[in-house]
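This report concerns only the one structure given below.
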There are 2 protein chains.
Amino acid sequence: MSADSLRNSTIPVRIATPMPELSPGAGNLVRLKTACSHCHLREVCLPVGLSREQITQLEQIVYTRRRLKKGETLYRAGDPFRSLYAIRSGFFKARAATPDGRDQVTGFQMAGELIGMDGISHDLHTCDSIALEDSEVCVVPFNMLEDLSIQAPALGHHFHKVMSREIVREHGVMLLLGSMRAEERLAAFLLNLSQRLAARGFSATEFVLRMTREEIGSHLGLKLETVSRAFSKFQDDGMITVKQKHVQILEMDRLRRLLSNGSRNLHE
Amino acid sequence: MSADSLRNSTIPVRIATPMPELSPGAGNLVRLKTACSHCHLREVCLPVGLSREQITQLEQIVYTRRRLKKGETLYRAGDPFRSLYAIRSGFFKARAATPDGRDQVTGFQMAGELIGMDGISHDLHTCDSIALEDSEVCVVPFNMLEDLSIQAPALGHHFHKVMSREIVREHGVMLLLGSMRAEERLAAFLLNLSQRLAARGFSATEFVLRMTREEIGSHLGLKLETVSRAFSKFQDDGMITVKQKHVQILEMDRLRRLLSNGSRNLHE
DNA sequence: GCATCGGGTTGATGCAGATCAGAAACCACC
DNA sequence: GGTGGTTTCTGATCTGCATCAACCCGATGC
């Protein structure tokens, strides 16, 4: 795969299934008979495990989409919470901030992932969600999702799993932030990205980062210079090639070993 | 309040409402007609926002309790997930581990809090939960909770809020781990503990830590020596008094300011 | 009484990563 | 093709916390 074909997307094209183009209405909200049942993400998104009939019900409530240009904000902390968003295409970062202005990227989200769950607790969003490339989300009104979950318990159950998975993911980030050294953090980050891309059918070894070194650093609790140095180190060691945002993993195993040997490095 | 009266509980006694003593059956599982409706934690636990009738329904499914001695494990990573647990009394730590043996305390939980939600995603628990003092939990079978949520949507909605609150809490820990210096972390920890105790009607300024310096350190991404030094520093500065596990906050405001000035200290 | 042990404190030293600084690469736009 | 702004890289220096080590304190047991 050429570097050129990667330039405009984190996600290398898998099979060239041209998506039906939408004629956007006024603004960036699109009303249309969305078909979860035909969406290529149905195996990774909300419909997982639902019957055909239940998916049809889901389509009843997921009837708007929203398009965002790179850099646009999907929601920000303090916004009233009404909907969750299923990412249809593109790439997002979530950013949380302390009252005194410190902030941190709490995660990066890609197609098929459900975001906005931070807002449920207080009916207000508690973090920002920002598109890192031109993106499209399906709007899932939360009260409708709850109502539908009563009629389709499988949906409710799946939703609980999605929330729980977010909690578990955050445990992983806490472990990373609390106990790993810089290179281990970057290795964990790259492996995680690779694995999630692979789960969507894309190359596990070659991809384009949509975020800056600074955003990676913010997520990993490092300064951008440290991230940059770690990238260079990995490249010098022959584990990866990096050319700006284009990353190729040459020796996945060594990356993994770097992680699993971490505790030995530290403790004895 | 004397130090003596605090020795055996993190939570200073509020009003001396003697709890009905249970005669434990065989083992540590107790079957009894639990009365959420009479529990002194009903304002802070699962029943929040439920009607009298709905609470009665909840009592139908919460019919066992489990007692744990200090140091006992409620569940561990890999255990099959069947139930959530509402803490009736006592104090717990949650601990997550990486495949290679690093671990971290992901949080401390006290009476009225619901734990075990990490297990929903894969039907297996993904972290350990360990009692830090003699404790008692109400067992909430998860499939029954889901079933009941269908009949009592307010319960389901509240449960979603509880899960979301856990996600938001973890964002806060990520911010702490990713961007705060040692003393700020400890200040944030103490303020958080204080605020949660106050929410339960206990003193916000005087309490007994149930965890060791090492456990605090593990949670905050610090070594125990650093935690100890920060405690000493706070005491030397006159913000708190520390005597072993007994902590008294003398100047809450200065603790808070230490936090809110943090970003200034760092960035300019 | 004394010995033991886990938890806590305090001091001395080392190092990973932050900070500061400058240059190069890249991009968007005229 | 030039220009200004952003992003990335690399080197030099600084520093906060980890690490190593010694000692103290309170609880428990004999």
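Readers should treat all values here as calculations from the given coordinates under stated rules, not as data from a laboratory. Keep in mind the model is a prediction, meaning the values are calculated, not measured. Neighbour counts run over all protein chains shown; Cβ positions are idealised from the backbone, glycine included.
Just to be sure, is B:Val139 away from DNA strand C (no atom under 16 Å from the Cβ), touching a strand residue (DSSP E or B) at 6+ places or on another chain (Cβ under 9 Å) and away from every other protein chain (no Cβ under 14 Å)? Considered against the rule, which asks whether it is away from DNA strand C (no atom under 16 Å from the Cβ), touching a strand residue (DSSP E or B) at 6+ places or on another chain (Cβ under 9 Å) and away from every other protein chain (no Cβ under 14 Å), B:Val139 comes out as yes. Screening B:Ile216 against (1) within 14 Å of chain A (Cβ to nearest Cβ); (2) at positive phi leaves a single unmet condition, (2). Counting the residues of region A:206-218 that are closer than 17 Å to A:Ala187 by Cβ, within 12 Å of DNA strand C (Cβ to nearest atom) and either over 15 Å from the mean Cα position of the chain (by Cα) or not aliphatic (A, V, I, L, M) (or both) gives 2.
For region A:117-137, a residue qualifies if it is hydrophobic (A, V, I, L, M, F, W, C) and touching a His at 6+ places or on another chain (Cβ under 9 Å), and the qualifying residues are A:Met117, A:Ile120, A:Cys127.
Would you confirm whether any residue within region B:83-98 is more than 21 Å from B:Leu145 (Cα to Cα) and touching a Lys or Arg at 6+ places or on another chain (Cβ under 7 Å)? Within region B:83-98, one or more residues are more than 21 Å from B:Leu145 (Cα to Cα) and touching a Lys or Arg at 6+ places or on another chain (Cβ under 7 Å). Considering (1) within 14 Å of chain A (Cβ to nearest Cβ); (2) without any contact (Cβ under 8 Å) to a residue 24 or more places away in the chain; (3) more than 9 Å from DNA strand C (Cβ to nearest atom), the lone condition that B:Leu177 does not fulfil carries the number (2). Among the residues in region A:140-149, are any assigned to a loop (DSSP other than H, G, I, E, B) and more than 17 Å from A:Leu68 (Cβ to Cβ)? Checked region A:140-149: no residue is assigned to a loop (DSSP other than H, G, I, E, B) and more than 17 Å from A:Leu68 (Cβ to Cβ).
Checking the conditions here, which among B:His171, B:His158 is more than 9 Å from chain A (Cβ to nearest Cβ) and under 27 Å from A:Glu146 (Cβ atoms)?
Being more than 9 Å from chain A (Cβ to nearest Cβ) and under 27 Å from A:Glu146 (Cβ atoms) holds for just one of B:His171, B:His158, which is B:His158.
Looking across region A:219-248 at every residue that is of a type in the set (D, E, K, R) and more than 9 Å from DNA strand C (Cβ to nearest atom), the one that is farthest from the other protein chains (Cβ to nearest Cβ) is identified as A:Asp236.
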